[in-house]
Amino acid sequence: MKKINKKFVISFLILFLFVQFYSLTEYAFAVTDQVVVTLDVDSGITISDGAAVTMAPHIGVSANGSIGSSSWLVITNGAAGYSLAVKASASPALVSGGNSFADYTETAGGTPELWSVGSGAKEFGYSAYGTDTATGTWGTSASCGAAGVPAAAQKYVGFSTSDKIIATRATTTPVAGITTTICFAAQQNAVFAAAGTYTATITGTAVTL
Amino acid sequence: MNKKFVISFLILFLFVQFYSLTEYAFGVTDQVVVTLDVDSGITISDGAAVTMAPHISITANGSIGSSTWTVITNGASGYSLSVHDSTDPALKSATDSFANYTEATPGTPEVWSVPAASKEFGYSAYGTDTSTATWGTGTSCGSAGAPTGTQKYVGFAATPTDKIIATRATVTPTTGITTTICFAAEQDTVFAAAGTYTATITGTAVTL
C-alpha cells in the first residue's frame with residue numbers, strides 16, 4: 001500500500017510539474033495578432049453602342065417585308081448578373097410623319113410568337129437571340145432571317161414604351177461581354193404603307209441585378 | 001623531565017602559532033553565488049487592418065495592400081514570425097472568392113503573375129529579418145494596384161499552415177524589428193463578382 005501511494009504521489013508530481021512547465025512555456029514564448037484584409041470589388045456595367053439599323057429590302061408595291069438587326073454587348077461584374085431590356089420611344093414605334101406601322105400584335109398579348117401579320121395590316125415587331133436570351137421565349141433560329149423574311153423559328157413581339165427583357169443572366173459576364181442581337185421585322189399584308197422614311201427609336205437598357 | 005616537557009610544550013606551541021599565522025598570511029577565500037534570472041519574453045504589435053486599393057472593377061484588375069508587425073523579444077536564440085490564413089481560400093465574399101495564389105513550384109514564393117482566366121490573392125514580405133532570397137529584394141509592396149516587380153509572392157495554404165516570413169537568431173533591439181506583409185489580388189480576363197472580400201490573417205511570433 002505504501003509503495004502504491006509513493007508511486008502515485010511521484011507520478012502526480014511529475015505530471016503536475018510537466019503541465020505547469022508546458023503552460024508557462026506556451027504563454028511565455030508565442031504571441032499572435034490577427035489582421036483583417038478587405039478588398040472591395042466595385043460593381044460595374046457597360047453596354048456597347050448599338051449600330052443604327054437600315055432595314056432591307058425597302059418595302060414597296062412589290063415587296064412586302066423588310067428586316068434588320070442590331071446588337072448590344074453587355075459587360076458586367078455584378079455578382080447577381082444583369083438584364084437587358086428594350087422599349088420604344090413612341091407608340092406606335094415605327095412612324096413616318098402621319099403614317100406608321102402598327103406595333104406587332106400577338107395572339108396572346110405581350111407573348112412572343114412566330115411572325116405572322118394579318119391581312120389588311122402593316123406591322124413592326126422585334127425578336128432577339130444570344131447567349132443570355134431565352135430560346136423558349138424568343139425562339140431558336142439564332143438569325144433574323146433573310147431577304148426581308150423573318151427567321152421561321154424566331155418569336156416576335158410588338159414594341160411598347162415599357163421595358164421588356166430580352167436577355168438576362170445571374171452571374172458576372174465574361175470580360176469580353178455577352179452579345180445580344182435584336183431583330184426587327186416589318187410587313188405589309190394586302191395593304192400599302194404610304195411611301196416615306198419610317199423611323200423607330202429603340203432604347204436598350206442593361207442593369208445589374 | 002619537567003624541563004624537557006616544558007621545552008617540548010613550548011616548541012609545539014610555537015609551531016602551532018606559526019602555522020596558524022602562516023595560514024592567515026597566505027589568504028583565505030569564499031565564494032558567493034549571485035543569481036539573476038532574465039525571463040524570456042516576446043511581444044507582437046497590433047497589425048493594422050488592411051483596405052486594399054484600388055478597388056477592383058470591370059476596368060481595374062489589380063489591388064494591393066500591406067500591414068506591419070513589430071516583434072520585440074529577448075529570447076536568446078531569437079524569434080520567428082509566421083503567418084497563416086483562417087479560411088480556404090483566404091479572400092472571400094459572400095458569393096465569390098479569389099483563389100489562393102498559385103506558384104510554379106508550390107509553396108515557393110515567386111514574382112507575381114496571375115494566369116489568364118484566374119483571379120488570385122497572395123502575399124509577400126520584407127523587413128530586416130526577412131530573407132530577400134526567399135521573398136525578394138523589393139522594399140515596397142508596389143503601387144497603383146501592381147505588386148513590386150522584385151518582390152516574391154506566395155499563396156496562403158489551403159489548410160491553414162504557418163509560413164515563416166521573418167526570423168533572427170539573437171535578441172531584437174529594444175525597439176523591435178518591423179516586418180511588412182504585402183497583399184496582392186488580381187483578376188485576369190475574368191471578373192470577380194462585385195462585393196466586399198475579406199481575409200483574416202494571423203501573425204505568430206515565437207521565440208526560438
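The values are calculated or read from the model by the stated rules, or taken from the named source; none is laboratory data. This is a predicted model, so every value here is computed, not measured. Every residue, glycine among them, receives a Cβ derived from its backbone with ideal geometry; neighbour counts consider all protein chains shown.
Observations
- Neighbours by Cβ (under 6 Å, 6+ apart or cross-chain): first from the stretch A:110-139, in the same structural domain as A:A194 (by TED's automatic domain parsing); second part of a helix (DSSP H, G or I): A:P112/A:T137; A:P112/A:W138; A:S127/A:W138; A:A128/A:W138
- Inside the stretch B:78-123, residues that are under 30 Å from B:I42 (Cβ atoms), of a type in the set (A, V, I, L, M) and part of a loop (DSSP other than H, G, I, E, B) make up a count of 1.
- Residue-level analysis places B:S20 among those that are at pLDDT below 95 and small (G, A, S).
- Of the residues making up the stretch B:91-100, those that are in contact (Cβ under 8 Å) with a residue 60 or more places away in the chain and out of contact with any Ser or Thr (no Cβ under 8 Å at 6 or more places or on another chain) number 5.
- For the stretch B:161-171, a residue qualifies if it is within 13 Å of chain A (Cβ to nearest Cβ) and buried (at least 17 other Cβ atoms within 10 Å of the Cβ), and exactly one does: B:I165.
- Qualifying residue in the stretch B:106-116 (condition: at the interface with chain A (Cβ under 9 Å from one of its Cβ atoms) and either within 18 Å of B:V190 (Cβ to Cβ) or more than 24 Å from the chain's Cα centre (by Cα) (or both)): no
- Among the residues listed as B:G65, B:G47, B:G75, the single one being facing chain A (nearest Cβ under 8 Å), under 30 Å from B:D188 (Cβ atoms) and not in a strand (DSSP E or B): B:G47
- Residue match in the stretch A:34-49 (condition: assigned to a loop (DSSP other than H, G, I, E, B), surrounded by 14 or more Cβ atoms within 10 Å (Cβ to Cβ), modelled with pLDDT of 95 or more and more than 8 Å from chain B (Cβ to nearest Cβ)): yes
- Per the listing B:A193, B:A166, the residue uniquely in contact with an Asp or Glu (Cβ under 6 Å, 6 or more places away or on another chain) and closer than 30 Å to A:I178 by Cα is B:A193.
- Summed over the stretch B:172-181, residues that are crowded, with 24+ Cβ neighbours inside 10 Å and away from chain A (no Cβ under 11 Å) total 1.
- Yes/no for B:T150 being of a type in the set (S, T, N, Q) and in contact (Cβ under 8 Å) with a residue 24 or more places away in the chain: yes
- For the condition among the hydroxyl-bearing types (S, T, Y), over 15 Å from the mean Cα position of the chain (by Cα) and more than 18 Å from A:A63 (Cβ to Cβ), A:T140 qualifies.
- Among the conditions (1) closer than 30 Å to A:Y82 by Cα; (2) touching an Asp or Glu at 6+ places or on another chain (Cβ under 6 Å), the only one that B:S63 does not satisfy is (2).
- Filtering the stretch B:99-116 to residues that are surrounded by fewer than 18 Cβ atoms within 10 Å (Cβ to Cβ) and in contact with a Gly (Cβ under 8 Å, 6 or more places away or on another chain) leaves B:A99, B:T102, B:E103, B:V111.
Yes or no, residue by residue, for (1) under 30 Å from B:I58 (Cα atoms); (2) of a type in the set (G, A, S):
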| site | (1), (2) |
| --- | --- |
| A:G145 | no, yes |
| A:F159 | no, no |
| A:D163 | yes, no |
| A:T173 | yes, no |
| A:A176 | yes, yes |
| A:C183 | yes, no |
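- Only one of the numbered conditions (1) over 19 Å from A:T38 (Cα atoms); (2) within 14 Å of another protein chain (Cβ to nearest Cβ); (3) modelled with pLDDT under 95 is violated by B:D188, and that is (3).
- No other residue among B:T137, B:T161, B:T102, B:T167 is over 19 Å from B:I201 (Cα atoms) and of a type in the set (S, T, N, Q) apart from B:T137.
- Considering A:A56, A:A28, the condition of being of a type in the set (G, A, S) and either in contact with a helix residue (DSSP H, G or I) (Cβ under 8 Å, 6 or more places away or on another chain) or modelled with pLDDT of 95 or more (or both) is satisfied by A:A56 alone.
- Residue check for B:D96: over 19 Å from the mean Cα position of the chain (by Cα), among the acidic types (D, E), within 14 Å of chain A (Cβ to nearest Cβ) and loosely packed, with under 13 Cβ neighbours inside 10 Å: no
- When the residues of the stretch B:34-44 are filtered to those that are part of a loop (DSSP other than H, G, I, E, B) and at pLDDT 85 or above, the one that is farthest from B:S143 (Cα to Cα) is B:D37.
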